[in-house]
1. Looking only at segment 368-381, which residues are in a helix (DSSP H, G or I) and open to solvent by 10 Å² or more (accessible area, probe 1.4 Å)?
2. Taking I357, is it surrounded by 17 or more Cβ atoms within 10 Å (Cβ to Cβ), β-branched (V, I, T) and on the phi < 0 side of the Ramachandran plot?
3. Hey, among the residues in segment 37-93 that are among the acidic types (D, E) and either within 23 Å of the chain's Cα centre (by Cα) or open to solvent by less than 40 Å² (accessible area, probe 1.4 Å) (or both), which one's modelled with the lowest pLDDT?
4. Pairs, please: C-beta under 8 Å, at least 6 apart or cross-chain, first residue touching a residue at least 60 places away in the same chain (Cβ under 8 Å) and more than 13 Å from A370 (Cβ to Cβ) and in segment 130-145, second surrounded by fewer than 23 Cβ atoms within 10 Å (Cβ to Cβ) and among the hydroxyl-bearing types (S, T, Y)?
5. Looking for something over 22 Å from W330 (Cα atoms) and surrounded by fewer than 20 Cβ atoms within 10 Å (Cβ to Cβ) - is there at least one such residue anywhere in segment 237-244?
6. Anything in segment 383-410 that is open to solvent by 10 Å² or more (accessible area, probe 1.4 Å) and of a type in the set (G, A, S)? List them, or say none.
7. Would you check if A316 is open to solvent by 20 Å² or more (accessible area, probe 1.4 Å) and either touching a Cys at 6+ places or on another chain (Cβ under 7 Å) or within 24 Å of I95 (Cβ to Cβ) (or both)?
8. Would you check which residues across segment 248-288 are β-branched (V, I, T), crowded, with 16+ Cβ neighbours inside 10 Å and touching a residue at least 12 places away in the same chain (Cβ under 8 Å) and list them?
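The values are calculated or read from the model by the stated rules, or taken from the named source; none is laboratory data. All figures in this text were calculated on a predicted structure; none of them were measured in a lab. Cβ placement follows ideal geometry from the backbone for every residue including glycine, while neighbour counts extend to all protein chains displayed. Heads up: the accessible areas ignore ligands, DNA and RNA and are worked out on the full protein's heavy atoms, side chains in. Shrake-Rupley method; radii C 1.70, N 1.55, O 1.52, S 1.80 Å.
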Amino acid sequence: ALHSSSDGADFMGSWMEQELSGCSFADKRLGDRFGVLMQQLSEGIGRTIPLACGDWANTKAAYRFLDNDRVSEREILAGHFQATQERFAAVDGPILVLHDTTEFSFTRENTQAVGLTRKVASGHKDKDGRPRMHTMCGILMHSSLAVTTDGLPLGLAGIKLWTRKKFKGTNALAGRGLDGAKHTVNATRIPIEEKESIRWLENVRQSTANLGDATRCVHIGDRESDIYELFCECESLGTNFVFRTCVDRRAEDGEQTVDEMMDEQCVKGVHRIEVMDDKGNPSIAVLEIKYHKMTVCPPIGKEKRYGNLELTVIHATERGTPKDRKPIEWKLITNLPVTCKADAIEKLAWYALRWKIEMFHKILKSGCRAEDSKLRTAERLANLIAMMCILAWRVLWLTMLNRVSGDLPAKLVFTDIEMKLLEHLVPTRSGSRKKTVGRFLTLLARLGGYLNRKQDLPPGNMVLWRGMSRLTDIHL
């Protein structure tokens with residue numbers, strides 16, 4: 001059923017069969033339809049459901065599948081999670097689990113059917129001159145992407161999709177006292193189970209369980225992950241983390257703070273890295289590195305539930321004031337040992353790979369065009385986004401495989417038909433004609449508009465997904 005949707009039955013079929021083989025639905029017919037629909041979407045990344053399905057019968061079947069009460073993102077991604085675990089087991093060394101949240105916005109009249117995300121200024125002002133606000137509807141997704149320390153994405157290890165019945169945050173926590181004045185509840189005193197940030201803990205549990213070896217996992221998060229309960233959750237699971245911090249927490253006996261203790265530390269190393277400014281020009285940044293192991297205390301009001309933790313704090317601060325960009329100032333916290341400058345640089349390099357999950361989200365929105373869907377309910381949209389996650393991972397994997405392991409045999413990625421078509425369609429200069437992954441991914445990117453000049457960077461995800469779409473059309 002996985003390869004019966006078109007005359008191109010074997011086209012890119014082997015990888016998809018691996019990603020879907022672990023799926024189990026309540027009804028075999030649902031599994032068959034899932035395979036057909038995934039094949040149709042993969043053959044037209046970025047197309048609408050009617051355009052990808054080709055006719056009304058297949059389109060109606062796709063709508064029924066996405067609207068079925070027995071289908072959820074859990075069943076859709078079960079096979080991909082299993083394939084990710086197999087790739088995880090086949091690779092040695094630590095694996096980074098990148099966490100981040102993104103938002104899918106949709107324009108709908110019935111916001112209750114899709115859900116709320118936030119309020120934004122509409123561009124108009126009321127009679128008092130204040131900007132008018134209007135409600136955005138859509139879906140939020142917190143995803144966990146497993147990557148090697150070289151940056152090769154192994155697949156999703158966890159995902160959570162949700163909508164809001166009402167807005168969360170400081171406004172939702174505000175109330176009025178007996179005097180009629182507005183009072184705001186201290187967010188740090190609210191149990192984590194009552195806050196939306198519980199998603200961080202849930203995804204750490206899910207991704208650690210799916211990968212199966214907590215000691216090899218290193219969870220990476222931006223400043224939104226600076227949650228003390230999350231640190232404790234990682235400790236209880238026996239897994240590792242490197243999170244960026246924004247809160248100046250109490251340390252040691254509670255009379256000092258983390259920043260005060262780090263100010264007392266001397267610079268233990270200098271590290272030079274190449275960075276891009278706001279105009280895309282490269283420059284060299286010189287970072288002063290400090291690191292120190294200390295006792296970190298829980299927030300006041302949660303001391304009875306959570307104990308102190310022995311963690312290492314790393315500060316990397318750029319010397320001077322650069323032009324055309326903000327200076328680098330990273331404050332990281334980890335439960336991994338940091339005993340020398342090399343250890344600190346390693347943790348900084350791991351955190352720097354966090355941007356790959358933002359690439360993954362970009363592919364979902366710009367390549368798969370998830371926000372262009374006209375489905376009317378949050379449940380249908382969540383199922384469609386879960387399917388697109390598998391396709392987005394595949395595009396990102398191809399992009400990074402070219403940069404990390406371009407010398408691998410091309411047959412690991414491409415079929416014989418694909419290689420013959422690419423060699424026939426894309427003119428090449430005389431030279432090496434080795435059948436490597438790097439060579440054929442470059443041919444695929446050229447089909448999508450990549451120029452392949454000497455000064456060009458390796459092809460990115462945009463030209464690769466355009467090339468994949470064109471190659472599929474030509475094959476069919």
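1. At the first step, the residues of segment 368-381 found to be in a helix (DSSP H, G or I) are 370-372, 378-381.
Selection gives E371, D372, A378, E379, R380.
2. Values: surrounded by 17 or more Cβ atoms within 10 Å (Cβ to Cβ): yes; β-branched (V, I, T): yes; on the phi < 0 side of the Ramachandran plot: yes.
Yes, satisfied.
3. As a first pass, look at segment 37-93 and keep what is among the acidic types (D, E): 43, 55, 67, 69, 73, 75, 86, 92.
Narrowing further to those that are either within 23 Å of the chain's Cα centre (by Cα) or open to solvent by less than 40 Å² (accessible area, probe 1.4 Å) (or both): 43, 73, 75, 86, 92.
Working: E43: 85, E73: 93, E75: 95, E86: 95, D92: 93.
Out of the qualifying residues, it is E43.
4. Qualifying pairs under 8 Å: H142/T101.
5. The initial filter retains those residues of segment 237-244 that are over 22 Å from W330 (Cα atoms), namely 237-239.
Adding the requirement that they be surrounded by fewer than 20 Cβ atoms within 10 Å (Cβ to Cβ) leaves 237-238.
Looking for residues that are over 22 Å from W330 (Cα atoms) and surrounded by fewer than 20 Cβ atoms within 10 Å (Cβ to Cβ), one finds at least one in segment 237-244, hence yes.
6. S405, G406
7. Working: open to solvent by 20 Å² or more (accessible area, probe 1.4 Å): no; either touching a Cys at 6+ places or on another chain (Cβ under 7 Å) or within 24 Å of I95 (Cβ to Cβ) (or both): yes.
The answer is no for A316.
8. From segment 248-288, those β-branched (V, I, T) are 257-258, 267, 270, 273, 275, 284, 286; that's our starting set.
After this cut, where a residue has to be crowded, with 16+ Cβ neighbours inside 10 Å as well, the list is 257-258, 273.
Within segment 248-288, V258, I273 meet the criteria.
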